[in-house]
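The values are calculated or read from the model by the stated rules, or taken from the named source; none is laboratory data. Just so it is clear, the structure is predicted and the values come from calculations on it, not from any experiment. Positions of Cβ are backbone-derived with ideal geometry, glycine not excepted, and every protein chain shown enters the neighbour counts. These accessible areas exclude ligands, DNA and RNA; they are computed on the full protein's heavy atoms, side chains included. Shrake-Rupley method; radii C 1.70, N 1.55, O 1.52, S 1.80 Å.
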Amino acid sequence: MTEATVRPGSTGHSHGGGEIPLQTRNERLRSIDPSKHTKIDGRDEQWRYLDSARMGGLDTNTLRDASSELKVSAPAEFSSDLVDASDPSFGIAGLPEDLPTANAWAAATKALKLTLSGEASEPAFISVGNLDNQSAAHLIIQSKTHARGTVILDHTGKGNLAEIVEIIVGDESALTVVSIQDWDDESVHTSAQFARLGRNSKLKHVVISLGGKTVRVTPNAEFTAPGAEVELLGLYFADAGQHLEHRSYVDHAVANCKSRVTYKGALQGKGAHTVWIGDVLIRKAAEGTDTYELNRNLLLTDGARADSVPNLEIETGEIEGAGHASASGRFDDEQLFYLQARGINELDARRLVVRGFLNEIIQQIGVDSIEERLNASIELELARGNH
Amino acid sequence: MATLQVKNLHVTVETEQGSIEILKGVDLTIRSGESHAIMGPNGSGKSTLAYTIAGHPKYTVTEGEITLDGENVLEMSVDERARAGLFLAMQYPVEIPGVSVSNFLRTAKTAITGEAPAIRTWINEVREAMTNLKMDAGFTERNVNEGFSGGEKKRHEILQLELLKPKFAILDETDSGLDVDALRVVSEGVNRIKDANGFGLLLITHYTRILNYIKPDFVHVFVAGKIAEQGGPELAERLEAEGYDRYLKV
């Protein structure tokens, strides 16, 4: 695979020649007040790859609270309520770092709160879809101490949505959150997902972006006590004209935590554009940190573009490990030859390679129905691209 | 009885210095059940012949023909050639991340025969072939060629040869990178499969070592893109004693 558009920028971890970010990651503005946030501007690193015209008005209009329109289907270990800002968990995991998210915060005065107690063997489903074009939603997913379970957040259909997802992972608990973006072609979606991890907790966070005109998911994970582990996984498949952007941020604020970030994407068609930005900050206090992030992109046709930027900021040398890898490459013709030389036609050979490439993420979801649906969606994407 | 015929084959490859002719008029006829060894020094074009027969896009045929039972092989795509009964065991098989050996073998078998094999029979067939090649049962769960040792890659190629049952098998330096034990297992596998299936064999090698295990009916010495000499098994013995210098000094 050939390296493409990789721009490592960091303090204390320079590869030389890369651009240095304008600020250290934790200095970015966090505010619930939309007027404090700058308008979408390509000169701003946050909006370097997107312009306002693609945002479906989420950055300019007054939004409508759609939190009460989300449908929950969950086993008994989960309870769900609509809460307002007086709830102690409201705003605990993170505050808006950009204008659409601040707009969502202002509009969504109520949040849908899902609380997990005990061990749930079946996942909870939250369906979001067919919304108004000016929608805002706020979700809070909280696992209590020692709780275990999975939450699937499923976005489909029409609608433009600016969304806030707070994920509060209680001490000693293990939570899996899967966020699926499988919108119709014209939908626009921003989703700021803030995770806050307690002592010895584990979060597996999976982002799957397939459908939508513009999808921008920004998962943040912040460690608040030692012994916690976060796994941020992502899979995306962009077709002609689609923009799928993922910006992850892991804040190693305390000692002895572990993070793994793995995002993989396939692209096909003219104007298909994906962006992955992986920020990791290891603060001075975060001794014993173990982190690794990886992004791989497979370009199936000409005219598609994958941007991939790992940023690692390290403020202490007393760590277990810190690394990143990023590569974007074309389809490997030697793989194609090998499979065809075994009688497999070109179309099936391409399918096999792409599915194999994305399998690494799919296999880790751990929910059979979702894995099956994803395999079917990927088949559909490949058929649509005539590959 | 099937026949693979190569006539006056000229092949070029594109390089930064322009197009270079590698094969300069090769003639070769292989029939079912025959074993042919192509021997020659590095760079003589042996592997180019193998990959051209298989249809690798890197090579351009500028003159001559390849036919399989009279059918024009050069007009077929790579997968059509495989389905017509040609098999190339590669010297450097590529990794296919995320695709398991079992999935790959089943997909290939389905493509070759035109229908999915009956599950139970197929599993037994794969298991038996793997036992014959002294391969661990867990092998099928691994991803194709990913992290395989040199010996595992070659066994995996021969496993495919057994399962896909081609009319003609081309083994491109299958002996390279194998220790003596692995060489014996792989060679015995080729002999056993050939006895069972009766395919025509084209064995490409630099060294005579593998010919101690797989006895060729015909030996062709390849030099500078052409067959410089051909004969029976005795020619291999002579090469073992004298090397290729005799041809290179010309």
Can you give me the angle between helix B:180-197 and the longest principal axis of chain B, using Cα atoms only, in degrees from 0 to 90, rounded to the nearest 10?
80
Treating only the Cα positions of segment A:25-332 as identical point scatterers, give the base-10 log of I(q)/I(0) from the Debye formula at each q in 0.07, 0.10 Å⁻¹.
-0.24, -0.51
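Partner chain Cβ atoms within 10 Å, averaged over the residues of B:89-100 - can you pull that number for me? Working shown, then result.
Values: counts 1, 4, 0, 2, 3, 8, 5, 10, 8, 13, 8, 2.
Per-residue shielding by partner chains comes out at 5.
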Check cross-link reach from residue A:213 to the lysines: straight Cα distance under 26 Å, and skip same-chain residues fewer than eight apart.
A:39, A:71, A:158, A:264, A:270
Place +1 on the Cβ of every Lys and Arg and -1 on the Cβ of every Asp and Glu in the protein assembly as shown, take the dipole about the Cα centre, and give the residue among B:11, B:35, A:124 whose Cα lies farthest towards its positive end.
B:35
Given a 1.4 angstrom probe, I'd like the percentage of the accessible area of chain A that is carbon and sulfur, rounded to a whole number.
46
How much accessible surface area, in Å² rounded to 10, belongs to the heavy atoms of residue B:194 with a 1.4 Å probe?
40
Between segment A:271-323 and segment A:345-381, what is the separation of their alpha carbon centroids in Å?
24
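Assign unit charges at the C-beta atoms only (+1 for Lys and Arg, -1 for Asp and Glu), then state the dipole size of segment A:249-387 relative to its Cα centre in Debye, rounded to the nearest 20. Show your work: numbers first, answer last.
Working: 15 positive and 22 negative charges, 89 e Å.
My answer is approximately 420 debye.
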Tell me the net charge near residue A:364. Cut-off is 10 Å between Cβ atoms, residue A:364 excluded, with +1 for each Lys or Arg and -1 for each Asp or Glu.
-2
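Using a 1.4 Å probe and counting only protein heavy atoms, how much accessible surface gets buried when B and A come together, both sides summed, in Å² to the nearest 100?
Details: alone 12080 and 15350 Å², together 25560 Å².
The contact between A and B buries close to 1900 Å².
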Springs between alpha-carbon pairs under 10 angstrom, Gaussian network model over chain B: which of B:129, B:224, B:116 fluctuates most?
B:116
With no solvent and one equal point scatterer placed on each C-alpha of segment B:1-246, evaluate the Debye formula and give log10 I(q)/I(0) for q = 0.14 Å⁻¹, two decimals.
-0.95
Number of partner chain Cβ atoms within 10 Å, mean per residue of A:327-333
1
Farthest toward positive dipole pole in the protein assembly as shown [+1 Lys/Arg, -1 Asp/Glu at C-beta], among A:153, A:299, A:326
A:299
Nearest 500 deg cm²/dmol is fine: what mean residue ellipticity at 222 nm does chain A get from its DSSP H runs of n ≥ 4 alone, each adding -39,500 (n - 2.57), divided by its residue count?
-4000 deg cm²/dmol
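List the GluC sites (Glu not before Pro) in segment B:78-119 that DSSP assigns to loop (not H, G, I, E or B) and whose Cβ has at most 14 other Cβ atoms within 10 Å. Which are they? Spell out each step's value before the answer.
Details: sites: B:80, B:95, B:115; in loops: B:95, B:115.
Listed in order of number, the matching sites are B:115.
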Hits in segment A:103-120: amide N under 15 Å from the 7 Å Cα→Cβ extension of residue A:33, namely A:103, A:106
For segment B:1-64, just list the percent of Cα-Cα distances falling in each 10 Å bin from zero outward, please.
19, 53, 24, 4, 0
Beyond 19 Å, what share of the Cα-Cα pairs of segment B:180-250 is found? Please give it as a whole percent.
39
So, in segment B:130-183, how many Lys pairs have Cα atoms under 19 Å apart, if the pair is 8 or more places apart or on different chains?
4
Below 21 Å, Cα to Cα, which lysines can residue A:284 reach? Residues fewer than 8 away in the same chain don't count.
A:258
GNM top mover of A:193, A:134, A:340 - chain A, alpha-carbon springs below 10 Å
A:340
From the residues A:137, A:358, A:200, which one has its Cα farthest along the dipole of the protein assembly as shown in the positive direction, the dipole being from +1 and -1 charges on Cβ of Lys/Arg and Asp/Glu about the Cα centre?
A:358
Counting sequence-distant residues (5 or more places) and residues on other chains, those with an amide H built under 5 Å from that of residue A:326 are A:295
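Apply the a/c threshold of 1.5 to the C-alpha gyration tensor of segment B:95-207 and tell me whether it is rounded, prolate or oblate.
Details: a/c = 1.64, a/b = 1.22, b/c = 1.35.
Taking the square roots of the gyration eigenvalues as a ≥ b ≥ c, segment B:95-207 is oblate.
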Starting from the Cα of residue B:226, draw a straight line to each of the lysines and keep only those under 18 Å, dropping any in the same chain fewer than 8 residues away.
B:7, B:24, B:46, B:249
GNM top mover of B:99, B:186, B:11 - chain B, alpha-carbon springs below 10 Å:
B:99
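Quantify how strongly other chains surround peptide A:357-366 by giving the mean number of their Cβ atoms within 10 Å of each of its Cβ atoms. Don't jump to the answer; show the numbers that get you there.
Working: counts 4, 1, 6, 3, 1, 1, 1, 0, 0, 0.
Taking the mean over all residues of the peptide, I get 2.
Mind running the shape call on the protein assembly as shown? Use the C-alpha gyration tensor, a ≥ b ≥ c as the square roots of the eigenvalues: rounded below 1.5 for a/c, prolate if a/b tops b/c, oblate otherwise.
Details: a/c = 2.46, a/b = 2.34, b/c = 1.05.
Here the protein assembly as shown falls in the prolate category.
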Dipole magnitude of the protein assembly as shown, debye to nearest 20 (Cβ charges: Lys/Arg +1, Asp/Glu -1, about Cα centre):
380
